[in-house]
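Single-structure report; data block below.
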Amino acid sequence: METKHIGILSAMPEEIGETISHLEDLNEFKFGDLIIYKGFYCTKETKLKVTLAWSGWGKVSAARAITRLISSASKTIPIDLILFTGVAGAANRTLNQWDFVIGEQIIQYDFDASPLFPKYVIPAINKSALICKKDLVEIGYLAAKKTISNVTFLNKNSVKKGFIATGDNFISDKKTMEEIMKYLPSIDALEMEGGAIAQVAIQENIPWIVVRTISDAADEDASEDFSEFIKKYKKYSWTFIKNFIDIFLNVK
Ligand code: ADE
C-alpha cells in the first residue's frame, strides 16, 4: 500500500503542541537552527508519514522552512500535502478568540510591486489571491467543526471558510488594521506566514492549506491577548491536527 505523507508547519512550537509525542519511529534532522521531525501517525487501519517543523515568525522563516521540509522528503515518499496551522488576529469583527478560519484564499498584503505589477500581485506566479483547493478547504472545515465539538468550552465557537492576509507585521493597533482593510475590506484574519507557505507550495506544485484559530483582535490589546492565548492553545493544537489527519486519511 502506498504511504501518504503530510508536511505540518506552524510558526511556534505551541501551535504544533503535542503532535510530536503522538508519532512513532520519530527522527530529528537539524538544518542550522531549524529542526525537522519525521515519524508516523499510526491507526489500526493505516499509517501516515508525518514531517513537521516550527518555522519561526514571518514570511522569510516560513518560506525557508517549507522549502527545507519539501526537499527533506525522499523521492519514494514525496509530500502530498502541506498543512500550516496556528493562530491569527481577527480582521472580521464577527470573529472571536477560538473561532477557526479556513483559508479559502490568502494574500500577501505587504507585497506591492506597483506600478510594474498591480498591488499584491506576486510576479513569480502572477497572482495576488492564492486559492486553496476546495476539497482541502472542506477537510479543514470538517476538522475544525469536529474540534469545536470535541472540546466542551469551544462548543459555541464558529468555523469560517475565509480570507487570510499575511504580512511581516504583528498588528496591534486600529490604525494599521484600517489601513490594510481600506484596500482589502473582506479579510477575516491577519497573520505572518500563510501567504509565504502558499506561494512556495504553488511554485513547488504541492497541495497546501492554511488553518488559523483567532487569538486576538489585532487591536491595542493584541499582544497581551496573544501571549495569554498561546499558552492555552498549546493544549488543543493537537486536537485539531489529529482531526485533520484522520479526515485526510479517510478521503484521500
Ligand atoms: N498572529 C496572531 N495575532 C496576530 C496579529 N495581531 N497580527 C499578526 N499576526 C498575528
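Bear in mind that the values in this text are calculations on the coordinates, not laboratory data. These figures come from a predicted structure and were not determined experimentally. So basically every Cβ, Gly included, is an ideal-geometry build from the backbone, and we count neighbours across all protein chains shown.
Could you list the trypsin sites (Lys or Arg not before Pro) in region 9-92 that lie in coil according to DSSP, counting only those with at most 13 other Cβ atoms within 10 Å of their Cβ?
Here the sparse-neighbourhood loop sites are 44, 75.
For the cross-link pairs 59/175; 133/235; 44/242; 38/242, which exceed 18 Å when the distance is taken from alpha carbon to alpha carbon? Intermediate values should be presented prior to the final figure.
On the way: 59/175 22 Å; 133/235 29 Å; 44/242 15 Å; 38/242 16 Å.
With Cα atoms farther than 18 Å apart: 59/175; 133/235.
Quick one: longest stretch of the chain between exposed loop GluC sites (Glu not before Pro), exposed meaning at most 12 other C-beta atoms within 10 Å and loop per DSSP?
Value returned for the longest uninterrupted segment is 46-219.
At residue 153 and residue 27, where each label point lies 7 Å from the Cα along Cα→Cβ, what is the point-to-point distance in nanometres?
Computed distance between label sites residue 153 and residue 27 equals 4.0 nm.
About the Cα centre, and with charges only on the beta carbon of Lys, Arg (+1) and Asp, Glu (-1), how big is the dipole of the chain? Nearest 20 debye, please.
780
Take residue 224 and residue 127, extend 7 Å from each Cα along the Cα→Cβ direction, and tell me the distance between the two endpoints in nm.
My value for the distance between the label points is 4.0 nm.
At 1.306 mPa s and 10 °C, plugging the Kirkwood radius over alpha-carbon pairs of region 4-235 into Stokes-Einstein gives what diffusion coefficient in µm²/s?
The calculation lands on 88 µm²/s.
Once each part is reduced to its C-alpha centroid, what is the distance from region 225-252 to region 11-49 in angstrom?
Cα centres, region 225-252 to region 11-49: 14 Å.
How big is region 5-105 along each principal axis, measuring the range of its Cα positions in Å and listing the largest first?
The Cα atoms of region 5-105 stretch 45, 36, 24 Å along the principal axes, largest first.
Return a whole-number percent for the relative contact order of the chain, with Cα pairs under 8 Å and 6 or more residues apart as the contact set.
27
Round to the nearest 0.05 the FRET efficiency obtained for residue 77 and residue 134 when R0 = 45 Å and r is the Cβ-Cβ distance.
Working: r = 26 Å, r/R0 = 0.57.
The value I calculate is 0.95.
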